[in-house]
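Colleague: Let me begin by handing over the structure; questions about it come next.
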Amino acid sequence: MDGEVMSDNSFFKPTLLYKEFMILDLIEKDANITQREISKTIGVAVSMTNAYIENFVEKGLIKKKKHSTKTVEYFITNKGMERRKLLNIEYLNASQNIYNSAKENIVLFLNQVYNKGINNILLYGAGEVAELMLDVVGSEKNLLLSIAAVIDDDPRKQGNLLLNKPIISLKEIIHFRHDGILISSYTHHNKITDKLKTINYDDSKIIEFFNN
């Protein structure tokens, strides 16, 4: 049910360095890729992609071989490969910093939940947020709070595992001992709250990670 904001590369697309990395990476993987395909991937107009490519040609990062007015092959140079590797390292470092920051926020939040006397919870929303929370709980030995299962309304997810935790339907929560339900969906958290209230789930046991 949970198509979260982290499901694609859109978080990084606004940066010029990320666009440069993506263009070089796409060309290195496919010399026959079109400017339209590149534009769609990085989320800019074709005219802007053409400007980027011409700039990279001038810098010696790529070469192009024109077969016709409509057919062009692109080749990344050795200089371009080195530039792509450098940008890749910078991208990974930036991603790691974002992950570490998110992890710290989750640890702080879950400790606050535990300090309120909630020891065992269910997550509601089997998306990227739930996966990150499960990863944090599994890797942080000082976290005493535990997660029993993950609820999701999508029948295609139910019966599967998310980081070794069962994905269940809402009606199955009676089979899992828990002190509360943490809503781990940003997109659908209001609908989930309303759904829990509809089944008369105790308001005091509904844990909001995202607040309006």
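Colleague: Might you let me know whether segment 195-206 holds any residue that is of a type outside the set (F, W, Y), under 19 Å from K103 (Cβ atoms), out of contact with any His (no Cβ under 8 Å at 6 or more places or on another chain) and surrounded by 16 or more Cβ atoms within 10 Å (Cβ to Cβ)? Steps first, answer last, please.
Modeller: Keep residues of segment 195-206 that are of a type outside the set (F, W, Y), which gives 195-200, 202-206.
In the following step, the residues that additionally are under 19 Å from K103 (Cβ atoms) were identified as none.
No, segment 195-206 has no match at all.
Colleague: Being part of a strand (DSSP E or B) and closer than 20 Å to K197 by Cα is the filter here, so list the residues in segment 143-184 that pass it.
Modeller: Step one: list which residues in segment 143-184 are part of a strand (DSSP E or B), which gives 146-151, 161-162, 165-168, 180-183.
Hits for segment 143-184 are A149, V150, I151, I168, G180, I181, L182, I183.
Colleague: Among the residues of segment 127-142, is any of a type in the set (G, A, S), part of a helix (DSSP H, G or I) and modelled with pLDDT of 90 or more? Before the answer, list the steps.
Modeller: Initial filter on segment 127-142 (of a type in the set (G, A, S)): 127, 130, 138-139.
Next, only the ones that are part of a helix (DSSP H, G or I) stay: 130, 138-139.
Retained after the next criterion (residues that are modelled with pLDDT of 90 or more): 130.
Yes, segment 127-142 contains a residue that is of a type in the set (G, A, S), part of a helix (DSSP H, G or I) and modelled with pLDDT of 90 or more.
Colleague: If I ask for residues that are modelled with pLDDT of 90 or more, surrounded by fewer than 16 Cβ atoms within 10 Å (Cβ to Cβ) and β-branched (V, I, T), which ones from segment 35-76 would you list?
Modeller: Listed by number, the residues that qualify are V46, V57.
Colleague: Could you tell me which of the residues F75, F109 is within 30 Å of I206 (Cβ to Cβ) and among the aromatic types (F, W, Y)?
Modeller: Going through F75, F109 in turn, the sole match is F109.
Colleague: When segment 21-57 is examined, which residues are found to be in contact with a Leu (Cβ under 7 Å, 6 or more places away or on another chain) and assigned to a loop (DSSP other than H, G, I, E, B)?
Modeller: Within segment 21-57, I33 is the sole residue that qualifies.
Colleague: Now a separate question. Would you tally the residues in segment 58-117 being assigned to a loop (DSSP other than H, G, I, E, B), without any contact (Cβ under 8 Å) to a residue 40 or more places away in the chain and closer than 30 Å to I181 by Cα?
Modeller: Taking segment 58-117 and keeping what is assigned to a loop (DSSP other than H, G, I, E, B), we get 59-61, 67-71, 77, 116-117.
So of that shortlist, the ones also without any contact (Cβ under 8 Å) to a residue 40 or more places away in the chain come out as 59-61, 67-71, 77, 116.
Next cut, closer than 30 Å to I181 by Cα only: 116.
Within segment 58-117, residues that are assigned to a loop (DSSP other than H, G, I, E, B), without any contact (Cβ under 8 Å) to a residue 40 or more places away in the chain and closer than 30 Å to I181 by Cα number 1.
The values are calculated or read from the model by the stated rules, or taken from the named source; none is laboratory data. If you're wondering where the values come from, they're calculated on a predicted model, not measured in any experiment. Don't worry about glycine lacking a Cβ; one is built from the backbone with ideal geometry, like all the others, and counts go over all protein chains shown.
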